[in-house]
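S.K.: Following this message is one structure expressed as structure tokens.
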Amino acid sequence: MVKYAVSAPQADLLRELAAVSDAVRIAPGRTQVAWALEQRGLIKRTWRGSGHVAVVTADGRYYLKHGKHPRQVQAEKVRLAGDSAQAALAPADGAELVSRLHSASGTITVADPAPRTRGRWRAAYYDALHHGHVLEGHKVRWNGRQRGDCVFTLVNEEAEKAAQPPPVPRIDVPEVLDRPHPLVRATRRAMGRSQGTVDTRGRAGAIPVACVASACRPRPTDHMHALLAEAESCGYTAESQTDLQRGEAVHTLAIVIRGRAFPLVLTERTAKVPHEPTPKEVRQRERNPWIRLPKYDEEFNGRLALGAPAKSRYQHSYAHSDGARWTLESRLGLFLQDLERLAAEGERRDREKELVEAERRRRWYAAIAQAREQQIDQQRVKVLAETDECLESGCRDPRLLPGSPRSNRQRSDFGRRGGVAAVGGGVCRTARPAVPRAGYSAGSPGQAGGSSCKGRCLRLSVAVRR
């Protein structure tokens, strides 16, 4: 969308360019103004030498003569040309307008209508409003009565009220404190009767307050009493905490909501004012002219601000202060609501973290169980393969093959003797020389103690049984 409006600096530059017949060099400080005029088509720029020069276009001279951009005038003519046709499409009365709103799901938009078309829609709106065409519990909302797009909306009042957030409870600040909160009482004692700047942020057991006592008293203590009393009535606690930071004790006040502590500090805001040199600075400036004095000073302006201490994890999470249209008293309910929201978000994050940790543990134990089963299967396959190898090598002693009763007894004896099994006179060993027995010859494949099976039969029996 092209902007046709011209600001005062742009109009001044356009007049200066139009007053000269030749191209005029643009000063470096007016480059942005010239660029804006060029975007509107009022001047034409070109680079010459070491800078830009510009001349006024025909559109620029038309603007200076009539006060309007020629393209804006042309667009207005096109819009007015179809005004009669567009007005004929407008609803005849309020009943037709409400019927169209129901058919269009509750919203009708008329793009920048001409005066006659806008008047027809206006007449239909007021007819629906004053002659009972709108259903009970509904209302018709109209935006764009004078210029721009016309937007008609059929609103369900009950649904709109239900969709609005609940009102924030107001925390009333008492005018007179008969029984102040213990922390408020301790803060008043720490402040004393000082008429200058008071800072209780380093006092243990007191509310952190930094303000000008003469200008703000007793607002800080009254606000904190109302806030702490409301927090305790909601089931929360307010306590003074002491932490150790960089070897120094730091005292803070915190409201604890469901196990989460939110530190607080009440300060008076400052404003910049021109610096007025003191007599000492004037004398120093006379002796040393190169000394630079500050341009501004920070002075307290009487506006209180309540929030988290600086450099804390909640520094920008919750903060309210006096404003041009409201006071801190009206924001105490919002402040407590922000603390409750942060506590709820913290609980949600903790629950999500616990669920993620539980899922991680479940996957770990499942992987361990799967690995154990795979190890058992691999061991069984290995044992069966070695059994087949022994049988193929010629070991036919039934007492030493897996599954035989003699093999079971050897397995128990194998565990008792530390891995060396001896059953009767027949033992499958490679280190002991073969002993001939009846029916067998020394070194024969079927003799117990022969070296052909290499001592694996008994081990295979034990492994398979396990």
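S.K.: In the stretch 1-27, what residues are among the basic types (Lys, Arg) and more than 47 Å from the chain's Cα centre (by Cα)?
M.R.: If we filter the stretch 1-27 for residues that are among the basic types (Lys, Arg), which is where we start, we get 3, 15, 25.
Arg15, Arg25, listed by residue number.
S.K.: Of the residues Asp350, Asp377, only one is part of a helix (DSSP H, G or I), acidic (Asp, Glu), within 20 Å of Gly235 (Cβ to Cβ) and modelled with pLDDT of 90 or more; which?
M.R.: On the way: Asp377 fails: within 20 Å of Gly235 (Cβ to Cβ).
Exactly one residue qualifies, and that residue is Asp350.
S.K.: What pairs come out if I take residues in the stretch 262-285 that are more than 30 Å from Ala238 (Cα to Cα) and pair them with residues that are charged (D, E, K, R) and open to solvent by less than 90 Å² (accessible area, probe 1.4 Å) whose C-beta lies under 6 Å away, six or more apart or interchain?
M.R.: Note: pairs meeting the criteria are Val273/Asp297; His275/Asp297.
S.K.: Is one or more of the residues making up the stretch 336-343 in contact with a Lys or Arg (Cβ under 7 Å, 6 or more places away or on another chain), surrounded by 10 or more Cβ atoms within 10 Å (Cβ to Cβ) and of a type in the set (A, V, I, L, M, F, W, C)? Explain how you work it out, then say what you get.
M.R.: Step one: filter the stretch 336-343 for residues in contact with a Lys or Arg (Cβ under 7 Å, 6 or more places away or on another chain), giving 343.
Now drop any that are not surrounded by 10 or more Cβ atoms within 10 Å (Cβ to Cβ), which leaves 343.
Now restrict to residues that are of a type in the set (A, V, I, L, M, F, W, C): 343.
Looking through the stretch 336-343, at least one residue is in contact with a Lys or Arg (Cβ under 7 Å, 6 or more places away or on another chain), surrounded by 10 or more Cβ atoms within 10 Å (Cβ to Cβ) and of a type in the set (A, V, I, L, M, F, W, C).
S.K.: Checking Glu281 against (1) in a strand (DSSP E or B); (2) surrounded by 11 or more Cβ atoms within 10 Å (Cβ to Cβ): exactly one of these is not met. Which one?
M.R.: Failing condition for Glu281: (1).
S.K.: Going by what's in this entry, would Ala123 be described as closer than 29 Å to Ala75 by Cβ, small (Gly, Ala, Ser) and at pLDDT 90 or above? Let's see the steps before the verdict.
M.R.: Working: closer than 29 Å to Ala75 by Cβ: yes; small (Gly, Ala, Ser): yes; at pLDDT 90 or above: yes.
Against the criterion (closer than 29 Å to Ala75 by Cβ, small (Gly, Ala, Ser) and at pLDDT 90 or above), Ala123 qualifies.
S.K.: Right, here's the next one. Note down all Cβ pairs under 6 Å where the first residue falls in the stretch 70-97 and is aliphatic (A, V, I, L, M), the second is open to solvent by 40 Å² or more (accessible area, probe 1.4 Å), and they're at least six residues apart or on different chains.
M.R.: From the stretch 70-97, the pairs are Ala87/Arg116; Ala87/Arg120; Ala90/Arg120; Ala95/His133.
S.K.: Here is a follow-up. Only one of (1) over 43 Å from the mean Cα position of the chain (by Cα); (2) part of a helix (DSSP H, G or I); (3) modelled with pLDDT of 85 or more is not met by Val78, so which one is it?
M.R.: It fails just one condition, (3).
S.K.: Also, I was wondering about something else. Of the residues that make up the stretch 98-112, is at least one exposed (fewer than 14 other Cβ atoms within 10 Å of the Cβ), closer than 21 Å to Lys3 by Cβ, out of contact with any helix residue (DSSP H, G or I) (no Cβ under 9 Å at 6 or more places or on another chain) and in contact (Cβ under 8 Å) with a residue 24 or more places away in the chain?
M.R.: Yes, the stretch 98-112 contains at least one residue that is exposed (fewer than 14 other Cβ atoms within 10 Å of the Cβ), closer than 21 Å to Lys3 by Cβ, out of contact with any helix residue (DSSP H, G or I) (no Cβ under 9 Å at 6 or more places or on another chain) and in contact (Cβ under 8 Å) with a residue 24 or more places away in the chain.
S.K.: To continue, here is another question. What are the residue pairs meeting all of these: first residue in the stretch 224-253, first residue part of a loop (DSSP other than H, G, I, E, B) and hydrophobic (A, V, I, L, M, F, W, C), second residue open to solvent by less than 70 Å² (accessible area, probe 1.4 Å) and at pLDDT 85 or above, Cβ atoms under 6 Å, and 6 or more apart or on different chains?
M.R.: Partner pairs satisfying both residue conditions: none exist.
S.K.: Can I ask one more? Any chance the stretch 383-391 includes a residue that's at pLDDT 95 or above and open to solvent by less than 60 Å² (accessible area, probe 1.4 Å)? Give the steps one after another, and end with the answer.
M.R.: Taking the stretch 383-391 and keeping what is at pLDDT 95 or above, we get none.
The answer is no; no qualifying residue exists.
S.K.: Further question on the same structure: With the structure loaded, tell me whether Leu293 is within 26 Å of Arg219 (Cβ to Cβ) and among the aliphatic types (A, V, I, L, M) or whether it fails that test.
M.R.: On the way: within 26 Å of Arg219 (Cβ to Cβ): no; among the aliphatic types (A, V, I, L, M): yes.
Spelling it out, it is not the case that Leu293 is within 26 Å of Arg219 (Cβ to Cβ) and among the aliphatic types (A, V, I, L, M).
S.K.: Give the residues of the stretch 167-193 that are within 15 Å of Gly333 (Cβ to Cβ), open to solvent by less than 100 Å² (accessible area, probe 1.4 Å) and either modelled with pLDDT of 85 or more or not aliphatic (A, V, I, L, M) (or both), sorted by residue number.
M.R.: Pro169, Ile171, Val173
S.K.: Of the residues that sit in the stretch 296-315 and are open to solvent by 50 Å² or more (accessible area, probe 1.4 Å) and more than 16 Å from Arg269 (Cα to Cα), which one is modelled with the lowest pLDDT?
M.R.: Lys311
S.K.: Restricting to the stretch 345-382, what's the tally of residues that are open to solvent by 80 Å² or more (accessible area, probe 1.4 Å) and either of a type in the set (Ser, Thr, Tyr) or in contact with a Lys or Arg (Cβ under 6 Å, 6 or more places away or on another chain) (or both)?
M.R.: Counting residues in the stretch 345-382 that are open to solvent by 80 Å² or more (accessible area, probe 1.4 Å) and either of a type in the set (Ser, Thr, Tyr) or in contact with a Lys or Arg (Cβ under 6 Å, 6 or more places away or on another chain) (or both) gives 1.
S.K.: If a residue must be at negative phi and either in contact with a Lys or Arg (Cβ under 8 Å, 6 or more places away or on another chain) or open to solvent by 10 Å² or more (accessible area, probe 1.4 Å) (or both), how many such residues does the stretch 214-255 contain?
M.R.: At the first step, the residues of the stretch 214-255 found to be at negative phi are 214-234, 236-245, 248-255.
Then keep just the ones that are either in contact with a Lys or Arg (Cβ under 8 Å, 6 or more places away or on another chain) or open to solvent by 10 Å² or more (accessible area, probe 1.4 Å) (or both); that gives 214-215, 217-219, 221-222, 225, 229-230, 232-234, 236-245, 248-252.
Of the residues in that region, 28 qualify.
S.K.: Scanning the stretch 27-53 for residues that are among the hydroxyl-bearing types (Ser, Thr, Tyr) and open to solvent by less than 100 Å² (accessible area, probe 1.4 Å), which turns out farthest from Tyr4 (Cα to Cα)? Break it down into steps so the answer makes sense when it comes.
M.R.: So the first thing to find is which residues in the stretch 27-53 are among the hydroxyl-bearing types (Ser, Thr, Tyr), and the list is 31, 46, 50.
Those left that are additionally open to solvent by less than 100 Å² (accessible area, probe 1.4 Å): 31, 46.
Details: Thr31: 19, Thr46: 22 Å.
So, considering only residues that are among the hydroxyl-bearing types (Ser, Thr, Tyr) and open to solvent by less than 100 Å² (accessible area, probe 1.4 Å), the one farthest from Tyr4 (Cα to Cα) is Thr46.
The values are calculated or read from the model by the stated rules, or taken from the named source; none is laboratory data. Small disclaimer: the values here were computed from a predicted structure and weren't measured. In this analysis, Cβ positions are derived from the backbone assuming ideal geometry, glycine residues included, and neighbour counts consider all displayed protein chains. Heads up: the accessible areas ignore ligands, DNA and RNA and are worked out on the full protein's heavy atoms, side chains in. Shrake-Rupley method; radii C 1.70, N 1.55, O 1.52, S 1.80 Å.
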